[in-house]
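Each remark here refers to the structure printed beneath this line.
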């Protein structure tokens, strides 16, 4: 088995050493596509991991072609001899006690199958996660993780839409629960970062597709929110110290760029929370 993680990154210096470094405890190597990175993401990866990380650098700063980018990582992974792949977003990390079992987990799945594992969202800090069930849009979240390769698998846009299809087309999702441990998603750990990111998605979709296609407001809703402490052993020693929740997200500058031409009122009319997103960073 040659297990390679596949990651898309854009100005991910705030977390990339932590997430890729942790994945390399169970993956043989990593492919990281750096999309218009200007914050030293590439240098961090080269310095920390050397040849274990294969970089793809994409210079197009104004367009996030996610499906093409994911396909590029898969193509590179295949060129490197990957037989099994791990889908790893740059802001995700698995609970540390699962690390010794991850390779065995990856080897369980037939060609074309992708494992969906339980994930929780760290909420407003790294020490708590959201745990309510009735109103939590992430309560039944299944994180696309390992897949065993098959020639039938690929990523591609759907009717021109490039967002939010994490597992490859042609794959068969299989629910897999490794017990009480979970994957941790870091995007909600910093609320200002989260609001800017989701507002950026809304603005980008409006400009590109003429409408906002996904329900980003629901992902920011805190109706009925309940939090639980992240068990201490879920974090590898020293891992949290490599995550900088205070750094400015790249979406902030790009959001301001998008506002310049049509003006802020254009986005207000479409109920996009531009003012709230910008207020955290002024």
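The values are calculated or read from the model by the stated rules, or taken from the named source; none is laboratory data. Given the structure is predicted, the values throughout are model-derived calculations rather than measurements. Positions of Cβ are generated from backbone atoms using ideal geometry, with glycine treated the same way; all protein chains shown enter the neighbour counts.
Worth pointing out:
- Sole exception among (1) more than 24 Å from residue 184 (Cα to Cα); (2) within 13 Å of the chain's Cα centre (by Cα) for residue 87, by number: (1)
- Qualifying residue in segment 188-211 (condition: under 30 Å from residue 81 (Cβ atoms), in a loop (DSSP other than H, G, I, E, B) and modelled with pLDDT of 95 or more): no
- Residue among 141, 153, 194 that is closer than 19 Å to residue 272 by Cα, out of contact with any helix residue (DSSP H, G or I) (no Cβ under 6 Å at 6 or more places or on another chain) and buried (at least 16 other Cβ atoms within 10 Å of the Cβ): 194
- Any hit, segment 48-58, residues being closer than 22 Å to residue 99 by Cα, touching a strand residue (DSSP E or B) at 6+ places or on another chain (Cβ under 7 Å) and either buried (at least 19 other Cβ atoms within 10 Å of the Cβ) or not assigned by TED's automatic domain parsing to the domain that holds residue 94 (or both): yes
- Residue within segment 43-53 that is over 14 Å from the mean Cα position of the chain (by Cα) and at pLDDT below 95 present: no
- Single match in 162, 128 (criterion: crowded, with 17+ Cβ neighbours inside 10 Å and either in contact with a helix residue (DSSP H, G or I) (Cβ under 9 Å, 6 or more places away or on another chain) or on the phi > 0 side of the Ramachandran plot (or both)): 162
- Flag if residue 244 is within 25 Å of residue 41 (Cα to Cα) and touching a residue at least 12 places away in the same chain (Cβ under 8 Å): yes
- The helices (runs of 4 or more DSSP H) falling completely within segment 1-113 that include 2 or more residues that are closer than 30 Å to residue 209 by Cα map to 66-79.
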